[in-house]
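Okay, structure first, notes after.
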Amino acid sequence: MNHLDQLEADSIDIFREAVAESERPVLLYSIGKDSSVLLHLARKAFYPSKPPFPLLHVDTTWKFREMIEFRDRTAAELGLELIVHRNPECVALGINPFDHGSARHTDLWKTQGLRQALDEHRFDVAFGGARRDEEASRAKERVFSFRTAQHQWDPKNQRPELWRLYNTRVAPGESIRVFPLSNWTELDVWRYVERERIPVVPLYFAARRPVVDRDGMLIMVDDDRMPLSEKPREELVRFRTLGCYPLTGAVRSEARTVTEIVEEMRTATTSERQGRLIDHDQSGSMERKKREGYF
Amino acid sequence: MELQRSLLRFITCGSVDDGKSTLIGRLLYESKLLYADHLAALEADSRRVGTRGGELDFALLVDGLAAEREQGITIDVAYRFFATEARRFIVADTPGHEQYTRNMVTGASTADAAVILLDARKGVLSQTRRHARIVSLLGIRHVALAVNKLDLLDYSRELFDEVCAAFAEFAADLGFAEITCVPMSATEGVNVVGRSELTPWYDGPTLLQWLETVDAGSAPDGPSRFLVQWVNRPDASFRGFSGRVLRGTLRAGDAVCTGGRTSTVDRIVTMDGDLAAAPTGSSVTVVLADDVDASRGDVLAAAADPPGVADTFQAHLVWLNENGLLPGRQYLAKIGARTVGFTATKSLELNEIGVDKVHLDAPVPFESYRTNRDLGSFVVLDRLTNATVGAGMIDFALSPTNVRWQNLTVDKEARVARNGHRPCVVWLTGLSGAGKSTIADLVEKALHAEGRHTFLLDGDNVRHGLNSDLGFTDADRVENIRRIAEVAALMVDAGLIVLVSFISPFRAERALARELVGENEFCEVFVDTPLEVAEQRDPKGLYRKARRGELPNFTGIDSPYEPPENPEVRLDTTALSPEAAAEVVVAGLRTLGVC
């Protein structure tokens, strides 16, 4: 087996262990390429059965429109239950990145929103697409990552994880975040998307899009809610990572196919999370967010 | 274009400050896996908290958690990835502090090869030997000895040869298939990726060359073993077993057996179509030709050569938790895809490694760890905290017992009918001097007067006879309670209401006692008396002795008491007289339907 076969077999193994030993699993579907791969692996793990869990999208109302279209189409085509959660407090207060800042926007919509959704449905296992190569604190997180009843992660008190013997035991109210892509890299993900012909949101491919400059990043103007003092200009850009459109930087690129993306990746000089405003708020910020329950 | 690259998992280990994190940072840097923004962050961090006078400090790349950066040490296993044209690598970076042995064992458990670092100036230290032994114990057979910091010895060939010879001599009986010694400087990048002119006398591989070519050897051959993880039943027409090939190759048409039943592999199903054969490590779904009933945790095996099935083993154990292993205490073990009750016969402290006789409460299919890592390994879980507290590797099965359970005609129900009440264990727990014996005596008197069949097991009395060989260490306390619990369970089988009056300080043992009897046959009574009150009463003068240091391991003084979380009955003896407390217990038994 080559390395993609081995990574695939490991991920399938992880899905099956988690489902066999949990009561109410859910897949956190964030619509990006990692979620696409995660969902593909879930389908493989349980075929010919459908994945025996719903998809949960924690929406912020600020995602790219193409992401939402892709999400709804994917769930419908695969015949999977899709739960969309929007933090009702955020809806009521109109929380947005322009007036409230990226940190508060992300905490209230995503971190608090996720906690609400997990509590409401009493999910005891939540699959996520996080990878260890994304960030230093993630490199030390377990594949089966224990969360207290308050959804907190304690990095200094993690369960040792040996062989492929995953500890899935929790007390009522506690839960486990399961990361089947822990050992994948961004390049593995794209090579696998290429090999398996997995559909991804078209925003990953280069196209001429309306952009403006914000804090040194190229921000795409996706709707008329963005305050503008200038006229957006058309540029040939794509996205390496997808989130809330006002917080996600585009990169100039001519890669219009997966194969061209893989080639671009091989010569890339910046990491994908550089395009995320929220990671740059403070050094060590990802670890802090994760302790609080962020994915 | 898809590269046919293989995957190599390896660990780096060595003593504190030998430069493990620096080496990994260097590998990432030299194989161009550091992105510009990572590098910019590294430059800033190196100036801020680095230990190399503002130069790039590669250790900061790997030491990701805030606490580690502050303390300048690596406190957990970190997994890092890089790739070359030849291979994709997963590195487990494991710390060198003695108290973190568990992290090394964790990292080694999934590794195919090991890089053991040492500081050339210090040579082979006891830590180096310990790490090499763990690498060997976990079944890793390919080892590179990275003799680091040679720049500080002017790349002396003599000193390098000396260190290599010392290591080879020590490691001769560790069963390594190969040991490759590399003269290195991780900070200067010598012989990490490219060959260096600073060591013209060295003609072996650089560390990266070794990693690219070492035999991954992760595919054990031999008879096929397929572990069932999940029974796949989308509808009435399909019944498959989803799981993983742990050894050998599984082929359509193969004769397989599980638990004494045999069948034939009809199909090997995947979403990409059926396979003719599934190699070791593949995750597939198997359909059998016959309607054989297999379930999660079963092993489908080559019918001609199935694995053994046993419940008692000699195993190597590694203890991973601050609370030590206690002999006789009930834990859980996860082995393959089963979780079963587990007991050991020895004590182990955190980071200790031992050989022990272990017992599972159900027989499981297994192979020795040397033969098959997946069917020979298990983790030990704590029943109450759910923590992963230990890890084990099976050496061999100890002769299975021939004692079978005898079915008897006069059973518990027959005795209930005769006695006119249900049996029950009434377990009184609390500090010494709480009033347990007094209350138990009053309860028994009341029940006896009603014509109930009772017996009172008193802690002090039993220690005169059955448990006269036991002292007061944690291990002896566990064994003490285990015996009492078994005796109480036998008396419940005999139809009695058994009053047990024991300090029984540990939740785990009380949980064990509860599990030995049926539902509604256990009534935990927490005789809740604050330490100050019990110490003030001190009917036997024990607290005074303990305070003078004459009674070590005395509960409440220098040995812990873990109060029950959900007792059936809680008695506040500061508010209730012994007589009133006894009435509360009897009322509790009526609520449980005992009498």
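The values are calculated or read from the model by the stated rules, or taken from the named source; none is laboratory data. The shown structure was predicted, so the numbers you read here are calculated from the model rather than taken from an experiment. Because the Cβ atoms are built from the backbone with ideal geometry, glycine has one as well, and the counts that use them run over all protein chains shown. The protein model used for the area step is the full one, side chains on, heavy atoms only, and it has no ligands, DNA or RNA in it. Shrake-Rupley method; radii C 1.70, N 1.55, O 1.52, S 1.80 Å.
Summary of computed values
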item: Phi to ³J(HN,Hα) by Karplus 6.51 cos²θ - 1.76 cosθ + 1.60 over segment B:529-546, Hz, x for Gly, Pro; result: 10, x, 3, 4, 5, 4, 5, 5, 5, 6, x, 9, x, 6, 4, 4, 4, 4
item: Distance between modelled label sites at residue A:215 and residue B:507, nm, 7 Å Cα→Cβ extension; result: 4.4 nm
item: Sum of -39500 (n - 2.57) over DSSP H runs of 4+, divided by residues of the protein assembly as shown (222 nm, nearest 500); result: -9000 deg cm²/dmol
item: Percent accessible area from carbon and sulfur atoms, the protein assembly as shown, protein chains only, probe 1.4 Å; result: 49 percent
item: In sequence order, calculated HN-Hα J values of segment B:570-577 (Karplus, 6.51, -1.76, 1.60; Hz; x Gly/Pro); result: 10, 10, 8, 6, 7, 10, 10, 6
item: Kyte-Doolittle mean at least -0.5 and Cα axial length at least 18 Å: DSSP H helices in chain B; result: B:36-49, B:157-171, B:436-449, B:474-493, B:578-591
item: Lys, Arg +1 and Asp, Glu -1 on Cβ, resulting dipole of the protein assembly as shown about Cα centre, debye, nearest 20; result: 800 debye
item: Measure of compaction for segment B:412-591 (Cα Rg per 2.2 N^0.38 Å); result: 1.01
item: Solvent-accessible area per residue, Å², over the protein assembly as shown with all protein chains present [probe radius 1.4 Å]; result: 41 Å²
item: Most to least accessible of A:266, B:88 (protein chains only, probe 1.4 Å); result: A:266, B:88
item: Full-stretch length increase - residue B:346, residue B:267 - with 0.36 nm per residue and alpha-carbon distance subtracted; result: 23.8 nm
item: FRET E, pair residue B:591, residue B:536, Förster distance 25 Å, beta-carbon r, rounded to 0.05; result: 0.20
item: Extension gain, residue B:580 back to residue B:169 (0.36 nm per residue minus Cα-Cα distance, nm); result: 140.6 nm
item: Exercise: per-residue mean of other protein chain Cβ atoms within 10 Å, A:12-18; result: 6
item: Taking only Cα atoms of chain B, radius of gyration then Dmax in Å; result: 30.3, 96
item: Cα centre as origin, Lys/Arg/Asp/Glu Cβ charges: segment B:309-397 dipole, Debye; result: 120 debye
item: Sequence of B:319, B:201 when ordered by accessible area, the most exposed leading, probe 1.4 angstrom; result: B:201, B:319
item: Gap separating the Cα centres of segment B:132-195 and segment A:31-71, nearest whole Å; result: 47 Å
item: log10 of Debye I(q)/I(0), alpha-carbon scatterers only, for the protein assembly as shown at 0.08, 0.10 Å⁻¹; result: -0.86, -1.22
item: Under-5 Å amide H pairs with residue B:320, H placed in peptide plane, nonlocal only; result: B:351, B:390, B:391
item: Rough spin-label spacing in nm, given labels placed 7 Å along Cα→Cβ, for residue A:78 and residue B:448; result: 6.9 nm
item: Which of B:529, B:320, B:205, positive extreme of dipole for the protein assembly as shown (C-beta unit charges); result: B:529
item: Rough spin-label spacing in nm, given labels placed 7 Å along Cα→Cβ, for residue B:544 and residue B:362; result: 5.5 nm
item: Surface accessible to a 1.4 Å probe, residue B:142 within the full protein complex, Å²; result: 30 Å²
item: Subset of A:156/B:20; B:20/B:149; A:110/A:231; A:63/A:110; B:346/B:436; A:44/B:334 violating a 23 Å alpha-carbon distance limit; result: A:110/A:231; B:346/B:436; A:44/B:334
item: Solvent accessible area, Å² - residue B:584, 1.4 Å probe, full protein context; result: 50 Å²
item: GNM result for chain A, Cα springs below 10 Å: residue of A:138, A:225, A:159 fluctuating most strongly; result: A:225
item: Rounded FRET efficiency, nearest 0.05, which uses the C-beta distance separating residue B:558 from residue B:466 and R0 of 30 Å; result: 0.70
item: Length-normalised contact order for chain B - Cα pairs under 8 Å, 6+ apart - percent; result: 9 percent
item: Under-5 Å amide H pairs with residue B:522, H placed in peptide plane, nonlocal only; result: B:425
item: Residue among A:251, A:85, A:98 farthest towards the positive dipole end of chain A, charges placed on Cβ; result: A:85
item: Prolate/oblate/rounded label for segment B:225-302 (Cα gyration tensor, a/c 1.5); result: rounded
item: Positive-end residue, chain A charge dipole about Cα centroid, Cβ charges, pick of A:153, A:58, A:242; result: A:153
item: Global form of segment A:200-279, assessed from the alpha-carbon gyration tensor, a/c cut-off 1.5; result: prolate
item: Using a Förster distance of 60 Å, the FRET efficiency for residue B:157-residue B:323 (Cβ separation, nearest 0.05); result: 0.75
item: Per-residue SASA entry for residue B:491, accessible area with 1.4 Å probe, Å² rounded to 10; result: 40 Å²
item: For segment B:412-591, size of Cβ-based charge dipole, Lys and Arg +1, Asp and Glu -1, in debye; result: 320 debye
item: Per the protein assembly as shown, cysteines lacking a partner by the 4.7 Å Cβ criterion; result: A:90, A:244, B:13, B:257, B:424, B:523, B:595
item: Chains A and B together, accessible area buried on both sides, 1.4 angstrom probe, square angstrom; result: 5900 Å²
item: Gyration tensor verdict on segment A:16-135 (Cα atoms; rounded if a/c is under 1.5, prolate if a/b is larger than b/c, oblate otherwise); result: prolate
item: Added length on full extension, which subtracts the Cα-Cα distance from 0.36 nm per residue, residue B:416 to residue B:126; result: 98.1 nm
item: Heavy-atom SASA rank of B:206, B:574, A:74 (probe 1.4 Å, accessible area, largest first); result: B:574, A:74, B:206
